[in-house]
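Note sheet for the following structure.
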Amino acid sequence: MNAHALHMPISLPPSLQGRVLFDEPLAKHTSWRVGGPADVFFTPANKQDLAIFMRALPTDVPIFWLGLGSNLLVRDGGLRAAVVETHGALNELQRLSDTEIWCDAGVTCAKLAKQCAKWNLGPAEFFAGIPGTLGGALAMNAGAFGGETWRHVAEVETINRHGDIQRRLPNEYEVSYRHVQGHANEWFLGARLSFITTDADGQAEIRALLARRKESQPIGEPSCGSVFTNPPGDYAARLIESAGMKGFRIGDARVSTKHANFIINEGDASAADLEDLIQLVKATVRQKFNIELVPEVRIVGEAVTTKDVA
C-alpha cells in the first residue's frame, strides 16, 4: 500500500488487517465537523496490528491519535501525518477484581461510566460527562462534575513509535489539572482503573448528571465541549459572558448563548472561523480582565493559504 499520490511516500505491509485510508477528510471524524484531510488514516484491527503499522512507518512521519474527535480542532489544510483511530478498534472493557477494571483507549467515557454503574463501582459517574474516549481522557486528565481521570489510574499500557507495548505506573507521569506529561513518543492503549464498590444507584446518578449537563450545555450541536480550561478560582464561561462575547460569531462559528465556554458550528463554519473566534475570545477576556484563558481544545494541522485556494 502506498500513499504515493499524497504529501508523503509510505509503504505499508500487506499483512495489515485494519482499515487504511488515504487523503481522508477529518471533518468526518471530529465533533466540530471541520478539518482537512489526513495523509494516512488507520483503524487497527487489534493491538498487534497497530504494532505492525507503527513499525512500518518511517521515523520522520508524524503520528496523531484520534478517538471521538472531540476536544480537537483540525485546521482546513489537514494533517501531514498518519492518523491512528482508536475508537472502534481498541474496545476491551472488563472487570479484573472487586475494585479494578481494564479499559482500552478506544472505549467511550460514556460507556465506561455506564458499565461501572452496572458493576456497582464508583465514583465513575463523572465519566459520562466527558465527550470522548478513555485514551483522550488519559492524555489530558479529563474530568467532569468534580471527578478526574487520573485519580483512578492504577496502571497504563502504552505503545511507542517502534511498536513496543509496555505497562507503566502513575508515578512515571506528571499529572495536574487537564495536563499529563509522560514519555515522549508514547501513546496510551488502555489503563487499569481502580474504584470502590458502592450500593449507590449509579445509573440514576448518571441520568441526573446528564440531565444537568443537557440543561446547561448545548448538547447535540457541533462543538468540541469546553473550549477553555477554568482559570484558578474562576470560570471561563463567566469571564467570556462578562466580556460580552456570549452569542458573538464569525461566519458560522458562534459562542453558545447557552454556555459561553462552548463554540458552535452552526452549519458551514470553517476551521479558520472557529480558530479566529477562539483567538478573539481570548483577546477580549485578556483586555477586559487581564486574564489569559488557556485553550482546552487541541488545535492541529495546516491552515489553508490564499495560494492553496487558488
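The values are calculated or read from the model by the stated rules, or taken from the named source; none is laboratory data. Values in this document were obtained by computation on a predicted structure and should not be read as measured data. Glycine also receives a Cβ, built like all others from the backbone with ideal geometry; neighbour counts cover every protein chain displayed.
In this entry, Glu205 passes the filter for residues that are surrounded by 15 or more Cβ atoms within 10 Å (Cβ to Cβ) and not aliphatic (A, V, I, L, M).
Scanning region 132-150 for residues that are surrounded by fewer than 21 Cβ atoms within 10 Å (Cβ to Cβ) and farther than 14 Å from Gln181 by Cα yields Gly143, Phe145, Gly146, Gly147, Glu148. Kindly evaluate Asn171 against the criterion of being polar (S, T, N, Q) and in contact with a helix residue (DSSP H, G or I) (Cβ under 8 Å, 6 or more places away or on another chain). Considered against the rule, which asks whether it is polar (S, T, N, Q) and in contact with a helix residue (DSSP H, G or I) (Cβ under 8 Å, 6 or more places away or on another chain), Asn171 comes out as no.
For region 3-38, a residue qualifies if it is at pLDDT below 95 and either of a type in the set (Ser, Thr, Tyr) or touching a Gly at 6+ places or on another chain (Cβ under 8 Å) (or both), and the qualifying residues are Ser11, Ser15. Scanning region 165-202 for residues that are of a type in the set (Gly, Ala, Ser), surrounded by fewer than 16 Cβ atoms within 10 Å (Cβ to Cβ) and touching a residue at least 24 places away in the same chain (Cβ under 8 Å) yields a total of 2.
Checked against the criterion of being over 16 Å from Val34 (Cβ atoms), touching a Lys or Arg at 6+ places or on another chain (Cβ under 7 Å) and crowded, with 18+ Cβ neighbours inside 10 Å, region 294-301 contains one or more residues that satisfy it.
Return yes or no: is Gly78 crowded, with 18+ Cβ neighbours inside 10 Å and in the same structural domain as Phe41 (by TED's automatic domain parsing)? Yes, satisfied. When Gly220 is tested against (1) under 20 Å from the mean Cα position of the chain (by Cα); (2) closer than 27 Å to Glu292 by Cα; (3) in a loop (DSSP other than H, G, I, E, B); (4) small (Gly, Ala, Ser), exactly one condition is not met: (2). Inspect all residues belonging to region 255-267 and state whether any of them is at pLDDT 95 or above, touching an Asp or Glu at 6+ places or on another chain (Cβ under 9 Å), assigned to a strand (DSSP E or B) and closer than 18 Å to Cys109 by Cα. No. When restricted to residues that are within 13 Å of Thr197 (Cβ to Cβ), in contact with a Leu (Cβ under 9 Å, 6 or more places away or on another chain) and surrounded by 22 or more Cβ atoms within 10 Å (Cβ to Cβ), region 85-120 contains 2.
Exactly one residue out of Arg151, Arg167 is farther than 17 Å from Gly67 by Cα, of a type outside the set (A, V, I, L, M) and assigned to a strand (DSSP E or B), and it is Arg167. Of the residues contained in region 264-271, none is found to be of a type in the set (Ser, Thr, Tyr), touching a Pro at 6+ places or on another chain (Cβ under 6 Å), surrounded by 14 or more Cβ atoms within 10 Å (Cβ to Cβ) and outside the structural domain of Val74 (by TED's automatic domain parsing).
Can you name the residue in region 101-129 that is in contact (Cβ under 8 Å) with a residue 40 or more places away in the chain and farther than 20 Å from Ile206 by Cα and is also nearest to the chain's Cα centre (by Cα) among such residues? Ranking the qualifying residues of region 101-129, first place goes to Ala105.
Where residues in region 121-130 are hydrophobic (A, V, I, L, M, F, W, C) and either in contact with a strand residue (DSSP E or B) (Cβ under 7 Å, 6 or more places away or on another chain) or surrounded by fewer than 21 Cβ atoms within 10 Å (Cβ to Cβ) (or both), which of them is nearest to Asn141 (Cα to Cα)?
Among them, the one singled out is Ile130.
Within region 132-146, the presence of a residue that is in contact with a strand residue (DSSP E or B) (Cβ under 9 Å, 6 or more places away or on another chain), assigned to a strand (DSSP E or B), small (Gly, Ala, Ser) and under 18 Å from Leu93 (Cβ atoms) is excluded. A count restricted to region 45-100 and to residues that are free of Cβ contacts under 8 Å to residues at least 12 places away in the same chain and not charged (D, E, K, R) stands at 3.
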